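Note sheet for the following structure.
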Amino acid sequence: CIGYVSALRSLTDAIPELARKASTEDMRFDAIRPGELDRLSIEITILGAMEEIGSQKDITIGEHGLYLEQGIHRGILLPQVASDRGWSPDQFLHAVCEKAMLPFDAWKAEDSTLKRFPAAVFSSKDFSD
């Protein structure tokens, strides 16, 4: 649940750094302990280019993630979040507003920037026996 929205580092540098941070520094969760490693699954999502949009008609669930920015508020949700939860485009928009700590219709405001992006998702489950 930790990452970069833009390419600040190469993937070969960013992936190990962010894996370490996610496993030890994410304040929402306890740090991973050595005894838990065999039960872990790891998922890496690599974001594609962001494209500004203005309507829920521009969102394909399971294909697009959303990034919302308004002033100091920012929220991002990966494509798999909406498909895993069975959300409609409207529900996805409301959720990204909530993630940015904004009202549910904040994406419509003139001072908001709403972007969609594709993503490539890699999971350790894809490589397990």
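The values are calculated or read from the model by the stated rules, or taken from the named source; none is laboratory data. These numbers were taken from a predicted model, which means no experiment stands behind them. All Cβ positions, even for glycine, are placed from backbone atoms using ideal geometry, and neighbour counts span all protein chains on display. We work out accessible area using only protein heavy atoms, side chains counted, and drop any ligands, DNA or RNA first. Shrake-Rupley method; radii C 1.70, N 1.55, O 1.52, S 1.80 Å.
Ignoring any ligand, DNA or RNA, what whole percent of the accessible area of the chain comes from carbon and sulfur when the probe is 1.4 angstrom?
53
Students often check this: by mean Cβ neighbours within 10 Å, which of 107-113, 21-27, 87-93 ranks highest, and how do the rest follow?
Highest to lowest by the protection proxy: 87-93, 107-113, 21-27.
How much area per residue is accessible in the chain when the probe is 1.4 Å and only protein heavy atoms are counted (Å²)?
Value returned for the chain: 68 Å² of accessible area per residue.
Using a 1.4 angstrom probe on the protein heavy atoms only, could you order K115, K99, K57 from most to least accessible area?
Largest accessible area first, the list is K57, K99, K115.
Can you give me the Kirkwood hydrodynamic radius for the chain, using every pair of distinct Cα atoms, in Å to one decimal?
Value: 16.0 Å, from the Cα pair sum.
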